[in-house]
Amino acid sequence: MILLANFLNSIAVILDIVLNFVFLLVIARVVISWLNADPYNPIVSFIRQSTDPLFRFTEPIQKIIPLNIGSLDLSPIILLLIISFLRTFVVQSIFDYSNQMKRAQIIQEL
C-alpha cells in the first residue's frame, strides 16, 4: 500500500512539473507574439510547435465565446486557467489521495 502511495505521489510530482513547463511555454508563446521573433529561430520554432496543439484546443471555445477583443487574443488566458485548474485540482487530489493512503496504512499497522 505504501508503494502505491509513493507511486501516486511521484506521478503527481511529474505531472506538476510537466504542467509548470507547459504554463511557461504558453507564456513564452505570448511574449514571442508580442516581440515578432524570428520564426526560423530553433527556440521560437520549438515553442510554437509545442503550443500549437494547445491553442487548437481553444478553437471550440472561441466558436462559442469570441476570445478576440480588438487585436487582443484572450485564448492564452483560457489555456493558463485550464493549466492552473489541472494543477490545483488534479495534481493536488493525487497528492492528497496518496497521503491519505499512507496515513491509513500507518493507522492499520498500529
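Bear in mind that the values in this text are calculations on the coordinates, not laboratory data. None of these values were measured; they are calculated from a predicted model. We place every Cβ from the backbone using ideal geometry, glycine too, and count neighbours over all the protein chains shown.
The residue pairs whose first member lies in region 42-59 and is more than 12 Å from I32 (Cα to Cα), whose second member is part of a helix (DSSP H, G or I) and of a type in the set (S, T, N, Q), and whose beta carbons are closer than 8 Å, counting only pairs six or more residues apart or on different chains, are F55/S75; T58/S75. Total residues in region 77-94 satisfying the condition of being farther than 25 Å from L8 by Cα and in contact with a helix residue (DSSP H, G or I) (Cβ under 8 Å, 6 or more places away or on another chain): the figure is 2. Here L74 does not fit the description of being surrounded by 13 or more Cβ atoms within 10 Å (Cβ to Cβ), aliphatic (A, V, I, L, M) and within 16 Å of the chain's Cα centre (by Cα).
Residues in region 41-76 that are among the hydrophobic types (A, V, I, L, M, F, W, C), part of a helix (DSSP H, G or I) and in contact with a helix residue (DSSP H, G or I) (Cβ under 8 Å, 6 or more places away or on another chain): V44, I47, L54, F55, F57, I61.
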